[in-house]
Amino acid sequence: MTNSGWTVLDLAHNALRAAVAAVDADQWTLPTPCSAWTVAQVFQHALGDQQAYAGSLTGAGFPEDNPFAPSGVLAGDPVETLERALTATAAAYSAVPVDDPAVAVPLPHGPLHARVAAGAAALDAAVHGWDLAVATGRRPLLDDGLAGELLAVAAEIVEPVRAFAFAPALPTVAADGPTATLLKFLGRDPAWSPTP
């Protein structure tokens, strides 16, 4: 496991890593909060996104398949496959200066400030870790501390890509904490369950 030097990214990677490691062999076809995708498809999407973040910085290791059209057919050990991608992403971000104003990302926004770029990679990992955890009946590692940091990033990057990357935002209530607020902003129901 490689430390990126960006706490928000390392915490998000740990959340995704834990969620994938906890998936049982018979759970890859379960539904997820991403209504059109199974657990395997969300995993493939999250994997491809992390590969794309690393590839944008290094010029190599881009995903072989389109992360927005995951097949759901897994090849190899998901835990090992994910670890390679997270290690590459962490290593790539470890070389990014904290004050770099123009870090390459696989988003249509163009280069982003280092804080936002690392936060964007973290947002993707943490939220898909939440998707996988709740889909498989586990407790997600996305907590209010991490969600609070990711909210600021989400506010900067989500709207330009909402139409193809996120569902419409859900209404919030006064009692919502940072985790619920973040999930609702990204179009997710914090109370989602695989069973109605």
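Sum -39500 (n - 2.57) across every DSSP H segment of at least 4 residues in the chain, then divide by the residue count to get the 222 nm mean residue ellipticity, nearest 500.
-16500 deg cm²/dmol
Would you mind pulling out the separation of the Cα centroids of region 94-117 and region 147-181, in Å?
20 Å
Quick one: among Gly55, Gly137, Gly129, which has the greatest mean-square fluctuation in a GNM of the chain with alpha-carbon springs under 10 angstrom?
Between Gly55, Gly137, Gly129, it is Gly137 that shows the largest mean-square fluctuation.
Which residue, Ala46, Ala114, Ala15, has the most motion in a Gaussian network model of the chain that connects Cα atoms within less than 10 Å?
Between Ala46, Ala114, Ala15, it is Ala114 that shows the largest mean-square fluctuation.
Pick out, in residue order, every one of the GluC sites (Glu not before Pro) in region 34-108 that is DSSP loop and has at most 11 other C-beta atoms within 10 Å; say none if there are none.
Those that pass, being in a loop and sparsely packed, are Glu64.
Residues with amide H under 5 Å of Val103's amide H, sequence separation 5 or more or different chain, H placed in the peptide plane at 1.01 Å from N; which?
So Val103 has HN proximity to Leu112, His113, Ala114.
Only helices at least 15 Å long along their axis, Cα-based, and averaging -0.5 or more on Kyte-Doolittle count here, so list those DSSP H runs from the chain.
Helices meeting the span and hydropathy rule in the chain are 7-21, 39-58, 78-94, 114-135, 144-157.
Dipole of the chain, Cα-centred, from +1 at each Lys and Arg C-beta and -1 at each Asp and Glu C-beta, to the nearest 20 debye? It would help to have the intermediate numbers written out before the result.
On the way: 8 positive and 20 negative charges, 40 e Å.
That gives the chain a dipole magnitude of about 200 debye.
Of (1) 48, 40, 29; (2) 51, 34, 27; (3) 46, 44, 28, which is the value of Cα extents along the principal axes in Å derived from the coordinates here?
Looking at Cα extents along the principal axes in Å for this model, the match is (3).
Since every read-out is calculated from the coordinates, none of them should be taken as a lab result. All of these numbers come straight from a predicted model, not from anything done at the bench. Note that we place each Cβ from the backbone using ideal geometry, even for glycine, and neighbour counts take in every protein chain shown.
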